[in-house]
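The structure under discussion appears below in the form of structure tokens.
What follows is calculated from the coordinates using simple rules that are stated; it is not laboratory data. Bear in mind the structure is a predicted one, so any value in this text is a computation, not a measurement. FYI the Cβ positions are ideal-geometry reconstructions off the backbone, even for glycines, and counts take in every protein chain you see.
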Amino acid sequence: MNLVFMGTSFFSLGILEDLAKNHTILAVVTRTDQARGRGKKLLPPPVKVFALEQGIDLYQYLPTAEELSKYPADALVVAAFGKILPKDLLELYPYGAINVHTSLLPKYRGASPIQTALIQGEKITGVSIMQMSQGMDEGDIYAQVEVPVENLRYGELEEELMKKSLPLLRKTLDQLESNKAHSQPQQDSLASYCSKIFKSDSLVNWNESAQKIEGLVRALWPNPIAYTLRKGQRLLLHRVRAMDIDASKSPGTVERVTKEGIYVAAGQGQVLIEELQRPGKRALLAEEFLRGNPVTENDIFGGN
């Protein structure tokens with residue numbers, strides 16, 4: 001097939017690289033370069049780097065249907081692009097716009113399906129290959145695959161979902177090309193929605209349950225990374241575990257410190273901090289962190 005691709009992230013890059021092995025990519029649409037890090041250096045989206053290396057036409061804005069009509073594409077493929085597309089783009093090519101969505105639709109329509117699945121403590125998530133419509137993630141479904149969440153964090157789960165989506169998308173495109181594709185409408189009555197995750201969501205609220213806190217930490221790794229405060233200093237939380245142990249102290253209070261890590265009281269249960277990081281330093285396992293940064297029982301996390 002001849003394809004136009006829209007996407008931005010490393011998830012998108014994995015999809016695009018696989019598509020390029022079996023199809024002709026006529027153009028790539030991605031987001032603008034973003035300022036990142038302490039120096040706020042402008043960094044290109046991963047998809048842009050690939051497009052430039054391959055000599056593929058590149059747009060860092062949403063082109064009009066008139067602009068994209070010069071490409072004799074069969075379909076538009078979208079993966080983690082992050083923008084609503086107008087009707088004239090959705091209907092521009094013979095097979096329309098095919099989206100790779102990282103949830104088992106109609107559950108978790110919207111901007112943060114992977115993070116929301118983790119925060120909500122889902123045991124199973126997955127990927128849906130869908131025909132895009134004007135509504136948010138409301139189009140008919142061509143194929144789905146379930147993926148166990150296990151103990152994966154966001155970056156790890158995103159990679160697993162990307163790998164599982166590749167054969168599913170290949171099969172869907174092959175079926176479309178041979179006129180053998182079948183789609184099913186979504187059950188709108190079962191739909192749920194998720195909003196964008198912001199950096200301001202990163203501060204741990206110790207009044208939440210231990211399960212919810214573990215979900216947040218996993219959902220925000222490796223970026224922007226959940227954090228707590230101790231004596232006014234941020235501590236970035238890379239890995240925590242919800243413990244089925246009743247809290248004996250007020251939320252945010254250290255219950256005990258062992259070689260396993262730091263046990264902190266939550267609104268329900270306790271949270272074991274296993275890996276953490278001081279700003280500007282490298283991430284350390286709790287045992288290593290504690291050698292140079294003593295933490296004792298009754299210390300308070302989350303305060304000023």
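Once you wrap a convex hull around the alpha carbon atoms of the range 199-292, what is its projected area averaged over all directions, in nm²? The partial results should precede the final answer.
On the way: hull surface 22.3 nm².
Across all orientations, the range 199-292 yields a mean hull projection of 5.6 nm².
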Quick one: of Lys48/Lys70; Lys40/Lys196; Lys107/Lys163; Lys163/Lys199, which pairs are farther than 24 Å apart, Cα to Cα?
-> Lys163/Lys199
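Given contacts defined as C-alpha pairs under 8 Å and at least six residues apart, what's the relative contact order of the chain, whole-number percent?
Across the chain, relative contact order equals 13 percent.
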If each part is reduced to its alpha-carbon centroid, the range 158-197 and the range 4-64 end up apart, in Å, by 21
Which listed pairs, of Lys123/Lys171; Lys83/Lys180; Lys123/Lys212, have C-alpha distances above 18 Å, in listed order = Lys123/Lys171; Lys83/Lys180
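Okay, helix-only estimate at 222 nm for the chain: each DSSP H run of n ≥ 4 adds -39500 (n - 2.57), divide by all residues, round to 500 deg cm²/dmol; what do you get? Walk me through the numbers on the way to the answer.
Details: 8 runs with 78 residues, N = 304.
That comes out to -7500 deg cm²/dmol.
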Which residue, chosen from Asn207, Leu19, Ala143, occupies the Cα position most advanced towards the positive end of the dipole of the chain, where the dipole is computed from +1 (Lys, Arg) and -1 (Asp, Glu) charges on Cβ about the Cα centre?
-> Asn207
Could you line up Ser202, Ser103, Ser248 from fewest to most neighbouring Cβ atoms inside 10 Å?
-> Ser248, Ser202, Ser103
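Sequence gap at least 6, Cα distance under 8 Å: using those rules, report the relative contact order of the range 161-304 to the nearest whole percent.
Working: 247 pairs, mean separation 30.2, N = 144.
After rounding, I find 21 percent.
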Given charges at Cβ of Lys, Arg, Asp, Glu: the chain dipole, positive-most of Tyr93, Ala51, Leu290 = Leu290
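For the range 72-132, which trypsin sites (Lys or Arg not before Pro) pass both filters: DSSP loop (anything but H, G, I, E, B) and at most 14 other C-beta atoms within 10 Å?
Working: sites: Lys83, Lys87, Lys107, Arg109, Lys123; in loops: Lys83, Lys107, Lys123.
Answer in residue order: Lys83, Lys123.
Please compute the net charge surrounding Lys196, taking Lys and Arg as +1 and Asp and Glu as -1 over other residues with Cβ under 15 Å from its Cβ. Could you put the intermediate results ahead of the total?
Numbers: positive: Arg31, Lys83, Arg109, Lys199; negative: Asp137, Asp201.
Charge balance near Lys196 sits at +2.
With a sphere of radius 13 Å drawn around the Cβ of Pro106, what net charge do the other residues whose Cβ falls strictly inside it have (Lys, Arg +1; Asp, Glu -1)?
Working: positive: Lys107, Arg109; negative: Asp137, Glu138, Asp140, Asp188.
Neighbour charge sum, excluding Pro106 itself: -2.
If the only charges are +1 at each Lys and Arg Cβ and -1 at each Asp and Glu Cβ, what is the size of the charge dipole of the range 199-292 around the Cα centre, to the nearest 20 debye? Mind showing how you got there, number by number?
Details: 15 positive and 11 negative charges, 98 e Å.
Here the size comes out at about 480 debye.
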Extension gain from Val49 to Arg256, taking 0.36 nm per residue of separation minus the Cα-Cα distance | 69.8 nm
Hey, fewest Cβ within 10 Å first, where do His182, His238 land in order?
-> His182, His238
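Over the range 123-212, what number does the Rg to Rh ratio reach, with both radii from the alpha-carbon atoms and Rh per Kirkwood? Don't skip to the end; give the middle numbers.
Working: Rg = 16.6 Å, Rh = 15.7 Å.
Rg/Rh for the range 123-212 comes to 1.05.
Might you report the magnitude of the Cβ-based charge dipole of the range 161-243 about its Cα centre, with Lys and Arg at +1 and Asp and Glu at -1, to the nearest 20 debye? Kindly include the intermediate steps, with their values, before the conclusion.
On the way: 14 positive and 6 negative charges, 100 e Å.
Computed charge dipole of the range 161-243: roughly 480 debye.
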Within the range 185-289, DSSP-loop chymotrypsin sites (Phe, Trp or Tyr not before Pro) with at most 15 other C-beta atoms within 10 Å are Phe198
Treat every Asp and Glu Cβ in the range 237-290 as -1 and every Lys and Arg Cβ as +1, leave all other atoms uncharged, and give the resulting dipole magnitude about the Cα centre to the nearest 20 debye.
-> 260
